[in-house]
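J.: Before we start, here is the structure in question, set down as structure tokens.
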């Protein structure tokens, strides 16, 4: 009888819509991180989960927008941001906008709420092109 081969170890990667711009991209990534870590806010996250792999671009987006991520939360009510496609202004929201932009006077746009990015399981050997770099959570020293 031959021994069974162990299943390859998997990690979770985050897939983000490439059309998203900062800060939408950072919030989508962050909502997925909070959901994966099963914590409601940044203040509840001690470290990033070991089985979560972020790309260099994702880490940069998180670092550049740490001031916004501290306001975003994953548990009910989910606090996200809504961004107007016309004026590019954003505001915190707990539900989708139902009307036109109120962030800039006379703006015809309709802000859209940012949703969590997709989490996908990948083989640990295929997680990233370069080696993943361990980092502190946004807002903390690396």
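J.: Mind listing whichever residues of the stretch 88-111 are closer than 21 Å to residue 72 by Cα and in a loop (DSSP other than H, G, I, E, B)?
T.: Answer for the stretch 88-111, where residues must be closer than 21 Å to residue 72 by Cα and in a loop (DSSP other than H, G, I, E, B): 88, 89, 94, 95, 96, 97, 98, 101, 102, 103, 110, 111.
J.: Does the stretch 65-76 hold any residues that are in contact (Cβ under 8 Å) with a residue 60 or more places away in the chain and surrounded by 17 or more Cβ atoms within 10 Å (Cβ to Cβ), and which are they?
T.: Hits for the stretch 65-76 are 65, 69.
J.: Next question. Out of the residues in the stretch 49-79 that are in contact with a helix residue (DSSP H, G or I) (Cβ under 6 Å, 6 or more places away or on another chain) and outside any helix (DSSP H, G or I), state the one that is nearest to residue 125 (Cα to Cα).
T.: Within the stretch 49-79, the first condition is being in contact with a helix residue (DSSP H, G or I) (Cβ under 6 Å, 6 or more places away or on another chain), and the residues that meet it are 49, 52, 58, 61-62, 65, 69-70, 72, 74.
Now drop any that are not outside any helix (DSSP H, G or I), which leaves 49, 52, 65, 70, 72, 74.
Details: 49: 17, 52: 13, 65: 29, 70: 32, 72: 31, 74: 29 Å.
Selected residue: 52.
J.: Specify which of the listed residues (62, 52, 31, 42) is crowded, with 17+ Cβ neighbours inside 10 Å and at pLDDT below 90.
T.: Step by step, each of 62, 52, 31, 42 is checked, and only 42 is crowded, with 17+ Cβ neighbours inside 10 Å and at pLDDT below 90.
The values are calculated or read from the model by the stated rules, or taken from the named source; none is laboratory data. Remember, it's a predicted structure, so these values are computed and weren't measured experimentally. Neighbour counts run over all protein chains shown; Cβ positions are idealised from the backbone, glycine included.
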